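Visitor: The structure under discussion is supplied below as structure tokens; questions concerning it will follow.
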Amino acid sequence: MKFRKTCSAVVFFIVAALRPPVAAADAGMYPMSELNRLDLAAAGLEVTAADIYNPDGTALVDGIVKLGGCTGAFVSDQGLILTNHHCAFRAIRDASDPEHDFLRDGFAAADFGAEFPAAGYTVRITESYRDVSAQVLAAVTGDMDPGRRTAAIEKRMKQLSLDYEAAHPGKRAEVSEMFPGESYVLFVYTFLKDVRLVYAPPRAIGNFGGEQDNWIWPRHAGDFSFMRAYTGPDGEPAAYSPDNVPYRPRKVLQVVRSGVGSGDPVFICGYPGRTYRQRSSFYLEHLARYTMPLTVDWYTWQIEHLEALGQGDRSRQLALASRIKQLHNTAKNYRGKLQGISRLDLITRKRAEEVRLQEFIAADPQRQRLYGHVLRDLEGYYRDLDREMPYEMWLRFLKRSPQALQVALTVWESAQERQKPEDERDTAYMDRNLDQTLQRLQVQAEHFDAGADSLLLAELLRRGGAFPRSHELEPLSRVLGPEGSAEAADMLAHLFKTTTLMDPQFLAAAMAMTPAQLRRLDEPFLNLAADLYPEYLRVKLEGKRRKGVLDPLRAALVDARRGFLGGRFIPDANGTLRFTYGHIEGYSPRDAVLYTPLTTVGGLLEKETGTPPYALPPRMRELVEARDFGPFADSDLGGVPVDILYSTDTTGGNSGSPVLDARGRVVGLNFDRSWEATINDFAWDHSYSRSIGVDIRYVLWVTWKFGGGVRLLDEMGVGLAD
Ligand code: ASP
């Protein structure tokens, strides 16, 4: 094994040295509108812009879906979707109980009928897009106050979507802010609501290395799963029904077992969530001083206490599993970002750039008039926000962490919002989204753990003692007694004993009620939510007012930077369809350390200790030891490759994106980034930014050998013959 490693390292550097000189990959999550401006051939790609996106025909992106907050790809003409294990994690958990523990053992549907309906999961496929900036911005006038400005823009965005949907029944339309305050695009989607779980390996494979290896290279996780989209028998999108039939995608991505090697060009299309590269140094400083440390602190506390609660109790562990996983993922990501900010001295560097920007602005009277105030105003804006942040973060945690309070506030807010016309409601409460919102609440109710909730609520109340108790928060002490007192503990216990909220049937009824009807129920958490709501509403409206102040400043900053930097200007990621390209390549994270870009099954055995997160299922160990790799081994590497490293520009939301070779064939599945690349969301750089994916050969080998999934390989058209 040692020899192989050295060998592959040598091969990597020779290959890297011999690679034809192509420009190093650039930062860039390109919207489809930018594709024609890129030199794809120079990036080593054999596909054209029209092969990737083609409004007049079919193209690769027709086979790529937004799956909740992740991405996935159609890999069969029966709606089979390849995505990450961590993207299907909640569905696997929902299918599980201590007797049928699919998280532990893996899930394999024997046939279509056994596929598990993944409540709350949805699929979107981008059909088309068009710029609607002029229509959106026509809704605002120069003299509008900031709160009204935000409300007017939001309303116009919703009107445009609803108008489109009314004229095109069955389609979903959404207006996305590309550069807030400046450019808006209407995206049209096919929107599917019946999604099912087909195959997932055990967590010990899908998440091998667990939190220790998360955001880290070298990696050996088989982070993949298969899901399937269904439609009504007429082929139209429909809610779950046993009569539904597999969706027929317009485009199926070709899965190949030829694999990739060091130096090969690759590209990714997917739905990256959010990046913040166009933002000011003041914003970054605000995040680094408040948002991120406060979040890390609270999440770490929760992880420790929730994990302790689950000790020795499998059903409780299952109930809390998704939550704990998300808390870990975000906390570790923020730690990586905070380290990256100081390692790169990012705030100072951004500040220095802003000094040069200010000089550029001042050099021209017209620019000075338009933009001279922008940086100063942004600084003032964030200084004000700094002061509010600790309290507002606490309030946000109070709303999000204890599930019963979160559910109660959602039900109450829904009743308030449903009094308004559709285009003035928050998105979650628009008629078209109410089913999804209710499903989300019902999933929470099904996995409700009152013990965990009361622990979190008690701790948040203790922490709330640090803030001068505002008059608006009195309901909390009224319901729960003076913080820290024995009386408060009793009242908390009483609250959880008497609540009837966390019941799926009750929630379905409550979500159809008016505020007055909800009040009459006299349900303790709903009462608490109703009493707290005015304070949440105040903060929400204050958020909209702030957005109304911030967006014009952000738009002006982007304008000024466009002139200052020259050239193209790519909008930050915002959950819409993007393209990025790069190469399979390693990097040097620090002095004297060089990473090669492929790991192998041999590395699984090296890492294995027998104790989670490094405990393979015994059968998996046997399969690796038997070296029964079929056609999936890489002869140079001497085994099946497990994970791959490459220089694309990705972020959260790209999880589950297919990694495509020069010809647009599926050779991997994106699921993570390396430790140094957690800072990408603020600053991408070729020297340290690497994405991590599962090699498709590992996906196929595990599905076939471990999962017994020849059916799926056949369905994807992947043969086993040499
Ligand atoms: N693993 C990541 C996530 O949690 C993917 C990424 O951010 O690159 O979304």
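Visitor: Do any residues in the range 519-535 that are among the charged types (D, E, K, R) have Cβ atoms under 6 Å from those of residues that are buried (at least 18 other Cβ atoms within 10 Å of the Cβ) and modelled with pLDDT of 95 or more, where the two are at least six apart or on different chains, and which pairs are they?
Guide: Correct list of pairs: Glu523/Leu501.
Visitor: Are there any strands (runs of 3 or more DSSP E) wholly within the range 607-722 with 2 or more residues that are touching a residue at least 40 places away in the same chain (Cβ under 8 Å) and β-branched (Val, Ile, Thr), and if so which?
Guide: 641-646, 666-673, 691-695
Visitor: Suppose we filter the range 687-722 for residues that are within 16 Å of the ligand (Cβ to nearest atom) and within 13 Å of Tyr199 (Cα to Cα); how many remain?
Guide: 0
Visitor: Restricting attention to the range 503-529, and to residues there that are surrounded by 15 or more Cβ atoms within 10 Å (Cβ to Cβ) and of a type in the set (Gly, Ala, Ser), which single residue is farthest from Glu474 (Cα to Cα)?
Guide: Applying the filter and picking the extreme gives Ala510.
Visitor: Output the residues belonging to the range 284-304 that are away from the ligand (no atom under 16 Å from the Cβ) and in contact with a helix residue (DSSP H, G or I) (Cβ under 6 Å, 6 or more places away or on another chain).
Guide: Leu284, Glu285, His286, Ala288, Tyr290, Leu294, Trp298, Thr300, Gln302
Visitor: I want to confirm something. Restricting to the range 153-177 and keeping residues that are surrounded by fewer than 20 Cβ atoms within 10 Å (Cβ to Cβ) and hydrophobic (A, V, I, L, M, F, W, C), which single residue is nearest to Met430 (Cα to Cα)?
Guide: Leu162
Visitor: Can you give me the number of residues within the range 73-100 that are within 16 Å of the ligand (Cβ to nearest atom) and in contact with an Asp or Glu (Cβ under 9 Å, 6 or more places away or on another chain)?
Guide: 4
Visitor: Select from the range 76-87 the residues that are in contact with a Phe, Trp or Tyr (Cβ under 8 Å, 6 or more places away or on another chain) and not polar (S, T, N, Q) and list them in ascending order.
Guide: Gly79, Leu80, Ile81, Leu82, His85, His86
Visitor: Condition check: within 16 Å of the ligand (Cβ to nearest atom) and among the charged types (D, E, K, R). Does Glu211 satisfy that?
Guide: When the stated conditions are applied, Glu211 passes them.
Visitor: If you check Leu103, Leu67, Leu60, which single one turns out to be touching a strand residue (DSSP E or B) at 6+ places or on another chain (Cβ under 7 Å) and more than 16 Å from the ligand (Cβ to nearest atom)?
Guide: From the options Leu103, Leu67, Leu60, the qualifying one is Leu60.
Visitor: Could you please give the count of residues in the range 654-674 that are surrounded by fewer than 24 Cβ atoms within 10 Å (Cβ to Cβ), over 20 Å from Tyr688 (Cβ atoms) and within 10 Å of the ligand (Cβ to nearest atom)?
Guide: 0
Visitor: Can you tell me which residue among Ala221, Ala229 is touching a Phe, Trp or Tyr at 6+ places or on another chain (Cβ under 8 Å), under 19 Å from Val666 (Cβ atoms) and within 16 Å of the ligand (Cβ to nearest atom)?
Guide: Unique residue meeting the criteria: Ala221.
Visitor: Turning to a different aspect of this structure: If you check Arg400, Arg432, which single one turns out to be basic (Lys, Arg) and either farther than 27 Å from Asp163 by Cα or in contact with a Cys (Cβ under 7 Å, 6 or more places away or on another chain) (or both)?
Guide: The conditions single out Arg400.
The values are calculated or read from the model by the stated rules, or taken from the named source; none is laboratory data. Small disclaimer: the values here were computed from a predicted structure and weren't measured. Methodologically, a virtual Cβ is constructed for each residue, glycine included, from the backbone with ideal geometry; neighbour enumeration extends over all protein chains shown.
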